[in-house]
Amino acid sequence: MSDEIKIQLTTTPGNKPDSSNLSFGKYFTDHMFIMDYHIDKGWHDPRIVPYAPISLDPAAMVFHYGQAVFEGMKAYLTDSGKVLLFRPDKNMKRLNQSNDRLGIPEIDGDFVIQAIKTLIEIDKSWIPTEKGTSLYVRPFIIATEPCLGVRSSYTYQFIVILSPVGAYYSGGLEPVKINVESSYTRAVRGGIGYAKAAGNYAASIKAQEIAKKEGFSQVLWLDAIEKKYIEEVGSMNIFFKIGGTVITPEINGSILEGVTRDSVITLLKDWGVPVEERKISIEEIYEAYKQGQLEEVFGTGTAAVISPVGELHWNEHTMHVNEGKIGELSQKLYDTITGLQSGSLPDPRNWTV
Ligand code: PLP
Ligand code: COI
């Protein structure tokens, strides 16, 4: 894609939200990036325009067959006024993996990163700077062709919106109560679990709502076939520290390969902490708990970064992890990753751009 990005600036800039009360994904900046795809033209007409509703035909295929994928990353404003993105190349690679699985045409990752940089520069004054806050970047692609035939759409829109966000969990870094989900399944190997596809989130909502009603923050998903092996927690990857070793489920086709997951594994290895990517069953976790070996449990994802688990419920069993307190390793990972992302720590791996 070599088209130049056309820019149309808003004449009615919005009011910025109070940065002490942002929550997650409720406010949007003044502009958005859009480009279109047509099967005969490829991706074309990249443009930055005022943030506004989009108009779609009621027969647009996304409404009927769910061809929709998205990404999520965060931008930080450093003390010296530079804007930092964290490993955006990983998000672009994953977006193209999602595209491939959903029958959506590939995007040019380098071009999109450039477009995102231009968009953020225009809306730079929206980046909040209070501790724990950032600008969440949400690229997504939808099938727009009006057609009720079941096949891949001939037209798409790629859009990037920006949202100033606070901490994902309003209570900040705070251990959460999790229920192990024994009936519902998020994803199955051979399905679309490894893609960041909208449908995966639709599939997860019912179990999440039930868990919320029962007083839990999220569910822990087991594999769909044996209902035995751990997959993810809510919409995050999960890690267990057992007897000094950190274990995370291996990438298996139904788990999303998180950027934060990869960063955590890399950091742990650098620090000399033993890490294993392998199958791990809920029985193994419970056995470790009974033997006093279950030291820490935490979820990892862009939105929350690190989310410690304080309590894990599995059928009639309740496991209190680290007495419900934030684990030392969870805190160190959170501080290190947010430090790298916000530019307050040196970045020897050149993860930020
Ligand atoms: N798993 C799911 C299902 C997710 O939606 C996310 C969030 O993006 C993650 C894991 C964590 O991925 P990342 O660390 O790239 O945000
Ligand atoms: C994450 O960043 O961890 C997410 O799961 C994003 C979520 C809002 C879909």
Checklist outcome for this item: A careful count of residues in the range 234-257 that are outside any loop (DSSP other than H, G, I, E, B) and away from ligand 1 (no atom under 14 Å from the Cβ) gives 6
Checklist entry - P274 fails exactly one of the following numbered conditions: (1) within 13 Å of ligand 1 (Cβ to nearest atom); (2) surrounded by fewer than 17 Cβ atoms within 10 Å (Cβ to Cβ). What is the number of that condition? => result (1)
Item to check | Selected residue (only one of T260, T300, T266 is within 16 Å of ligand 1 (Cβ to nearest atom), surrounded by fewer than 18 Cβ atoms within 10 Å (Cβ to Cβ) and outside any loop (DSSP other than H, G, I, E, B)) | outcome: T266
Checklist entry - In the range 101-130, which residue that is loosely packed, with under 14 Cβ neighbours inside 10 Å and touching a residue at least 60 places away in the same chain (Cβ under 8 Å) is nearest to P50 (Cα to Cα)? => result S125
Next on the checklist: I need the full set of residues from the range 333-352 which are free of Cβ contacts under 8 Å to residues at least 40 places away in the same chain and farther than 15 Å from G132 by Cβ, in order please.
Outcome noted: L345, P346, D347, P348, N350
Checklist outcome for this item: Contact list, first residue from the range 23-36 and within 16 Å of ligand 1 (Cβ to nearest atom), second anywhere and modelled with pLDDT of 95 or more, beta-carbon distance below 6 Å, six or more apart or interchain, is F24/V165; G25/S163
Checklist entry - In the range 55-109, what residues are among the small types (G, A, S) and either within 16 Å of ligand 2 (Cβ to nearest atom) or in a loop (DSSP other than H, G, I, E, B) (or both)? => result S55, A59, G66, A68, G72, A75, S80, G81, S98, G103
Checklist entry - What number goes with the only condition from (1) surrounded by 14 or more Cβ atoms within 10 Å (Cβ to Cβ); (2) out of contact with any His (no Cβ under 9 Å at 6 or more places or on another chain) that N179 does not pass? => result (2)
Checklist entry - Of the residues that make up the range 304-324, is at least one within 16 Å of ligand 1 (Cβ to nearest atom) and part of a loop (DSSP other than H, G, I, E, B)? => result yes
Next on the checklist: Regarding the range 213-233, can at least one residue be identified that is more than 16 Å from ligand 1 (Cβ to nearest atom), charged (D, E, K, R) and part of a strand (DSSP E or B)?
Outcome noted: no
Checklist outcome for this item: For the range 71-83 the number of residues that are of a type outside the set (S, T, N, Q) and surrounded by fewer than 20 Cβ atoms within 10 Å (Cβ to Cβ) is 5
Checklist entry - Just wondering, is there one or more residues in the range 81-97 that are within 21 Å of V165 (Cα to Cα), at pLDDT below 95 and out of contact with any Asp or Glu (no Cβ under 8 Å at 6 or more places or on another chain)? => result yes
Checklist entry - Does the range 60-69 contain any residue that is closer than 25 Å to G132 by Cα, buried (at least 18 other Cβ atoms within 10 Å of the Cβ) and in contact (Cβ under 8 Å) with a residue 24 or more places away in the chain? => result no
Checklist outcome for this item: Quick count over the range 190-226, residues being of a type outside the set (G, A, S) and either surrounded by 14 or more Cβ atoms within 10 Å (Cβ to Cβ) or touching a strand residue (DSSP E or B) at 6+ places or on another chain (Cβ under 6 Å) (or both), is 14
Next on the checklist: Can you find a residue that is at pLDDT 95 or above, out of contact with any Lys or Arg (no Cβ under 8 Å at 6 or more places or on another chain) and part of a strand (DSSP E or B) anywhere in the range 15-30?
Outcome noted: no
Checklist entry - Can you name the condition, by its number, that E283 falls short on among (1) more than 30 Å from D347 (Cα to Cα); (2) buried (at least 19 other Cβ atoms within 10 Å of the Cβ)? => result (2)
Item to check | Failed condition for S330, given (1) within 16 Å of ligand 1 (Cβ to nearest atom); (2) part of a strand (DSSP E or B) | outcome: (2)
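The values are calculated or read from the model by the stated rules, or taken from the named source; none is laboratory data. For clarity, every value in this text was computed on a predicted model and none was experimentally measured. FYI the Cβ positions are ideal-geometry reconstructions off the backbone, even for glycines, and counts take in every protein chain you see.
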